[in-house]
Structure formats: structure tokens, C-alpha cells
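A quick write-up on the structure given underneath.
The values are calculated or read from the model by the stated rules, or taken from the named source; none is laboratory data. Because the structure is a prediction, the values reported are computed rather than measured. Cβ atoms come from the backbone with ideal geometry, glycine included; neighbour counts cover every protein chain shown.
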Amino acid sequence: MKTLFCRLVLCYLVLNATISCSSEDSNNQSENANPTDGINSIENIQIFPTTHPLNMDISGSPIDVNSNLILSHIGTEKGLFPDFGSGEWEGASIGIPYVSVDNNQLKVPITFRGNSYDGNYGSESDQGPFPIPLNAPVEGGGQGDSHVISVNVENGMLYELYNATQVGHGFEASSAAVFDLNKIVFRPDGWTSADAAGLPIFPLLVRYPEIEKGVIDHPIRFTISRSKIYEGYVHPARHLVSGNASDELLPFGGRLRLKADYDISGFSETNQIILKAMKTYGLMLADVGSDMFISGAPHEKWDNDDLKKLKQVTLDNFEVIELGDITLRD
């Protein structure tokens, strides 16, 4: 949400970036979560109906008339930067973490506030309380965007916080968004989410259990600097940031597709799965940040040296999918 030109300090991760609820008190509820293999249970649920735009195959979609202009403005020489991995960087785990809970998870209050990092977007937020464990990992250990994400695997509900801090028996945050993963429903037009574009974060993350399954079946979240973002958005994004409106800029919700003829055979099996997703579902612009940073969740099984080889894939190997109607500021 807030511009970060170096987003390498990320994610406080509890064990395997996954926590599920525990049953410790008389009501079979818990404020905290015990580590389990909940990260894999999330991959067993349907993440939005198959006809949702975030599940749309764009391999055959037409190219936007301004594709070359937009890519040139971002910088065709720029390589992909995998903003996730294993281990830590400067004391924080690498990526955007999330937790798994079930219907027994205690709901905790959410207080909206601004701070020195960003403002208060409570008026564009879903109101709590939310089923988020008090020990849920905070992105970057509380530095930077400080996202907190909780997925209820029993009812398919997603809860996301931005600029969050665990305080007392709940959380303080700049914004919050709830998504029903069972429905095709979008945020109100013009509303932000835990991401600047008003999109959900979790469904757009590269997650290691997907690698174990052998397929990523959704677009991948990415960022570029504010000066390269159009002051507008395209469906399914719902929110814009101030800037300019000209043909060389990419709006929130815009998608890039890796060219079909780009040879991925020399990459590892893991990276081929990631690159195949870019050919089929593309990259989706979701937030302001460093150019061509792609988002994923931390996991101890990521091979950081292997992921770095994705930097060889430069922007001149992509094309912008036809944008369609761009929603402008009222």
C-alpha cells in the first residue's frame, strides 16, 4: 500500500508460515494458534469459484494496444524479483505469511488507526471482530506493510489486515478486508483492501504447497513504483492511487503475461511451475512497491538460490493483456 523501494525485510513467520487454531479454553476457542500443517489444508479448499476473474485463464487473451509503451516505461531490462523465500533477511522471514484457522478460532477486535507509516482507512474497511490468532505472523516482523492474513478452512472466509500491530486482545490496523472465497463478490467500488488495489492478497501469492501440487492456478501479485501506475483501475481491482493518466502507465488490476514462446525448459521444476502460471494466468498489479517484485509466502522448503534465477526473466519477455475500461477518479 505504501511505496517500498526495498521490500526485502519481510514477514515474521511462526514455524512453517502456518498456524491453525487450538482448543484451549472452556468454549473450545483460543486467542492463539498452535503450529500445524494448516498451510496444506488451505490448498484443499476452493479459492473463489472457477468463474471468478482471479481464476481466469488469459493465455489466449488479446494484447493491449499500448503493451510495448507500458513495458518500456516500466523498463524492459528489469528482471523478476521473487519477494519470498526461506530463512530470514535482517531478522525477518521473506514473504507475506498467513495462518490457517477453523470455526473454533476466537474472534478478536480490530481497531482502525493511522500511524507514522500510513493513514486510517477504516471508512473503507470491513469491521471486526475477526478470527485471527493473536500470535499470527506479521509481515516483516512489524516493519513495512505489516500484513496479517488468516484463512478459515472450514467456511472459506479470508481476513486480511494492512499496517497491523497486535495490541492487547486484538489488532490495530490501517485497513481490513474480508473475502468470501465461496462467492464472486467484490469490494465496493472505490474501496481499498489490505492492498492498494482493493484486491485480496492471499489468492495472488506464490505458495510452496502449490509447488508440491505441481500447479499454480491463479495470477501472481506484483508491484511497480508509483510513477509507473495509472491513476485508475481495471476489474477486478477496485481502488486507485493518485498519479497520472497516460498511455504508458499500467492501472491497478492490469495483467502481464509471459510470452507463450518463452523457453522455460532450462529452469528448475519449481521455477517452471511459477513461469507456467505467468503464461496461463499472468501477473496482476496489486500494489505500489519496487519494480517487478512478485509476491509469495515464506516456507522453509524454498531454495533461495534457485528462486534468484527468475531474475533472468526480463520484462521484454512479457506482454500487457488488453486492459479494457479503466475506472477513473470521480
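Within the stretch 89-122, the set of residues being hydrophobic (A, V, I, L, M, F, W, C) and either modelled with pLDDT under 95 or under 15 Å from Asn135 (Cβ atoms) (or both) comprises Trp89, Ala92, Val99, Val101, Leu106, Val108. Within the stretch 233-243, not a single residue is under 23 Å from Gln312 (Cβ atoms), touching a helix residue (DSSP H, G or I) at 6+ places or on another chain (Cβ under 6 Å), modelled with pLDDT of 95 or more and not basic (Lys, Arg).
Restricting attention to the stretch 259-268, does a residue exist that is among the aromatic types (Phe, Trp, Tyr), over 25 Å from Ile94 (Cα atoms) and touching a helix residue (DSSP H, G or I) at 6+ places or on another chain (Cβ under 8 Å)? Yes, the stretch 259-268 contains a residue that is among the aromatic types (Phe, Trp, Tyr), over 25 Å from Ile94 (Cα atoms) and touching a helix residue (DSSP H, G or I) at 6+ places or on another chain (Cβ under 8 Å). Selection of first residues in the stretch 138-154 that are closer than 12 Å to Ile42 by Cα and of second residues that are part of a loop (DSSP other than H, G, I, E, B) and polar (S, T, N, Q), restricted to Cβ pairs under 6 Å at least 6 apart or on distinct chains, gives the following pairs, ordered by first then second residue: Glu154/Asn103. Just so you know, in the stretch 76-112 the residues that are among the acidic types (Asp, Glu) and not in a loop (DSSP other than H, G, I, E, B) include one that is nearest to the chain's Cα centre (by Cα), and it is Asp83.
Taken over the stretch 266-285, the criterion of being under 20 Å from Ser59 (Cα atoms) and either of a type outside the set (S, T, N, Q) or within 12 Å of the chain's Cα centre (by Cα) (or both) is satisfied by Ile273, Ile274, Leu275, Lys276, Ala277, Met278, Lys279, Tyr281, Gly282, Leu283, Met284, Leu285.
Restricting attention to the stretch 51-75, the residues being in a helix (DSSP H, G or I), among the polar types (S, T, N, Q) and buried (at least 17 other Cβ atoms within 10 Å of the Cβ) number 2. Only residues that are within 21 Å of Gly198 (Cβ to Cβ) and either in contact with a strand residue (DSSP E or B) (Cβ under 9 Å, 6 or more places away or on another chain) or without any contact (Cβ under 8 Å) to a residue 24 or more places away in the chain (or both) were counted across the stretch 298-330, and they come to 8. For beta carbons closer than 8 Å, sequence separation of 6+ or different chains, a first residue in the stretch 67-89 that is under 15 Å from Ile321 (Cα atoms) and a second that is charged (D, E, K, R) and in a strand (DSSP E or B), the qualifying pairs are Ser67/Glu319; Leu71/Glu319. When Ala237 is tested against (1) surrounded by 23 or more Cβ atoms within 10 Å (Cβ to Cβ); (2) within 18 Å of Asn68 (Cα to Cα), exactly one condition is not met: (2). Met284 falls short of the stated requirement of being crowded, with 22+ Cβ neighbours inside 10 Å, over 19 Å from Ser193 (Cα atoms), hydrophobic (A, V, I, L, M, F, W, C) and in contact with a Lys or Arg (Cβ under 6 Å, 6 or more places away or on another chain).
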